[in-house]
Amino acid sequence: MTALFDWLAQILGILAAVLAAPLFLGWVNQCRAWLQNKSAPSILQPYRGIRKLFHKDAVIAANASQLFRLAPYMVFGAMVTAAAIIPSVATRLPFTQAADAIALVGLFATARVFVSLAAMDVGTAFGTLGARREMMIGFLAEPALLMIIFVASLISATTALPRISELLATQSLALYPSLAFTAVAFTMVLLAENARIPIDNPATHLELTMIHEALLLEYSARHLALMEWAAALKLFNYVCIGFALFVPWGLATSQAPLALALSSLFLGAKLVLAGAGIALIETVSAKLRVFRAPEFLATAFLFAVLGLLVRLLLGT
Amino acid sequence: MNMTALPFDLQLLNTLAALLLLLSFAMLSQRRIVTLINLLAVQGALLCIATLLLAWRTGAGHLYLSAGLTLALKVIFLPWLLHRLIRKLGVYWDTEPLLNTTGTMLVGVLIVVFSFGLAQPISALASTATRNSIGIAVAVVLIAFLTMITRRKAMSQVVGFLSMENGLFFGAMSATYGMPMIVEFGVALDVLVAMLVLGVFFFQIREQFDSLDLQHLESLKEDQ
């Protein structure tokens with residue numbers, strides 16, 4: 001019976017993540033507009049965009065292969081699977097027995113490979129350009145993300161995300177310089193991986209600087225809707241990984257409805273703060289040249305490695 | 001989870017040690033000399049706080065004195081002197097370092113690994129509560145050394161030299177709860193005099209070569 005409840009909670013959790021992801025994106029956009037003294041779009045704007053796109057007829061280039069049609073479903077599927085193994089509300093997730101944090105990095109990599117292949121599939125110059133940039137960013141961000149996960153794994157002696165956050169949340173309060181370093185590194189990786197401002201500007205179609213938008217140029221209608229939704233879900237997933245590693249307090253460790261409701265409230269509060277934080281970072285920083293991106297990500301990697309070394313030496 | 005076993009002041013000391021290491025890396029990557037000097041002052045301030053904390057923890061009176069010395073010399077006087085010097089000399093930027101920033105950082109990480117390995121047997125021998133930070137102190141010294149090697153301008157080399165002294169001081173503190181008072185006074189006086197002499201040197205170098213780039217000193221004859 002408890003197993004059944006676990007599965008029920010798991011499925012509800014996935015549904016909630018998929019449905020709430022555009023809302024979070026809307027919140028970030030709204031905060032950013034406020035901070036930049038613009039009149040903000042409605043917080044529901046991402047939903048409207050997705051609905052509009054689903055009602056349109058898809059146009060696909062004549063020379064596009066099956067891969068091009070398949071990619072949006074693969075990417076969306078990878079993001080939903082990732083949402084299933086990240087403890088956003090509850091830590092008792094049946095799915096996590098099959099996949100740990102390293103598999104999670106692999107899921108993100110799968111999505112990236114499909115996006116890039118699909119962008120190169122049609123053969124336009126911009127698609128290829130975007131794919132190459134995306135792979136460059138990914139190849140630099142992935143080791144940093146792995147290092148960040150290793151630091152948390154060293155502290156809690158497990159690579160399963162729910163166990164890590166359970167352990168960090170339940171122990172007595174202690175100062176972790178290693179976790180502070182990795183938190184900085186994670187913020188940088190989050191910004192780079194989700195096409196946020198120091199690396200990419202999600203609000204522009206300016207040809208020479210875009211990365212994320214260049215990948216999606218050939219997509220339309222339902223395919224584009226799925227891609228946009230997957231991007232929103234990716235941001236949501238990343239923020240939830242951050243919560244699981246660095247601010248795990250308030251997670252439900254049991255499946256009692258009351259505990260789940262309370263932890264959902266906690267998650268909502270954390271999301272509101274994190275969204276405002278991302279918008280603030282995006283407002284105060286300027287976009288880097290593409291060739292400065294390796295430096296930015298090398299710094300993130302450095303922070304993560306320093307965290308690892310400090311953990312090994314000081315035991316903190 | 002050995003962290004929970006540690007008392008809070010030790011946790012704080014460990015955090016300060018980690019921040020010192022972080023500042024060394026910031027200095028390694030920084031090319032603006034003004035910021036470099038400010039980072040040096042912050043490093044001195046962290047060192048002062050760590051010394052005060054250790055003094056409070058061990059009850060050693062002379063540590064309070066050396067904390068005061070650190071505050072006066074490394075947080076206030078030397079940064080002030082350096083700021084005055086760069087205003088007079090008009091050097092605000094170092095030239096491109098010999099190795100690019102990312103490369104230097106990676107070498108820095110290797111140095112940290114090396115010095116942690118180097119310090120492990122020393123830490124095993126020491127009996128102080130802060131013995132784990134010896135590795136960090138060695139790393140700070142070696143990274144400051146790297147800062148000196150990769151820079152061309154005399155100014156940033158001097159800042160590297162002072163940061164090295166900070167590392168040595170921190171090492172002595174974590175290995176044996178500070179050096180004897182007389183040695184500490186001697187070192188402080190040495191640093192002060194070295195700084196004053198180097199200040200005069202800067203002007204001499206500039207007068208001779210019209211620049212503070214130390215590469216000019218490498219050639220033996222003037223007509224080369």
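Taken together, the values in this text are just the output of simple stated rules run on the coordinates, not laboratory data. Fair warning: this is a prediction, and the values are worked out from it, not measured in the lab. Cβ sites come from the backbone with ideal geometry, for glycine too, and all protein chains shown count toward neighbours.
Summary table
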read-out	value
Estimated inter-spin distance, residue B:217 and residue A:19, nm [label 7 Å along Cα→Cβ]	7.1
FRET E, pair residue B:207, residue B:9, Förster distance 45 Å, beta-carbon r, rounded to 0.05	0.35
Relative contact order computed over chain B (Cα-Cα under 8 Å; 6+ residues apart), in percent	22
Cα-derived Rg over Rh, computed across region B:96-174 with Rh taken as Kirkwood radius	1.04
Calculated over region B:1-121: convex hull of Cα atoms, volume per residue (Å³)	131
For region B:8-210, the spread of Cα positions along each principal axis, largest first, Å	52, 35, 24
For chain A, built as a Gaussian network whose Cα springs stay under 10 Å, the top-fluctuating residue of A:29, A:63, A:194	A:63
Ascending count of other beta-carbon atoms within 10 Å, so fewest first, for B:133, B:211, A:153, A:88	B:211, A:153, A:88, B:133
Whole-number D in µm² s⁻¹ for region A:30-72, Kirkwood Cα-pair radius fed into Stokes-Einstein, 10 °C, 1.306 mPa s	119
Principal semi-axes in Å for region A:2-314 [√(5λ), Cα gyration tensor, largest first]	30, 23, 19
Orientation-averaged projected area, Cα convex hull of region B:132-181 (nm²)	3.4
Translational D in µm²/s for the protein assembly as shown (Stokes-Einstein at 4 °C, 1.567 mPa s, Kirkwood Rh from C-alpha pairs)	50
Cβ-Cβ FRET estimate between residue B:64 and residue B:192, R0 fixed at 25 Å, reported to 0.05	0.80
Binned Cα-Cα distance frequencies in region B:1-71 - 5 Å width, integer %	4, 16, 21, 19, 17, 12, 8, 3, 1
Pairs from A:287/B:88; A:52/A:270; A:234/A:270; A:56/A:287 whose Cα-Cα separation, in the structure shown, is over 27 Å	A:287/B:88; A:52/A:270; A:56/A:287
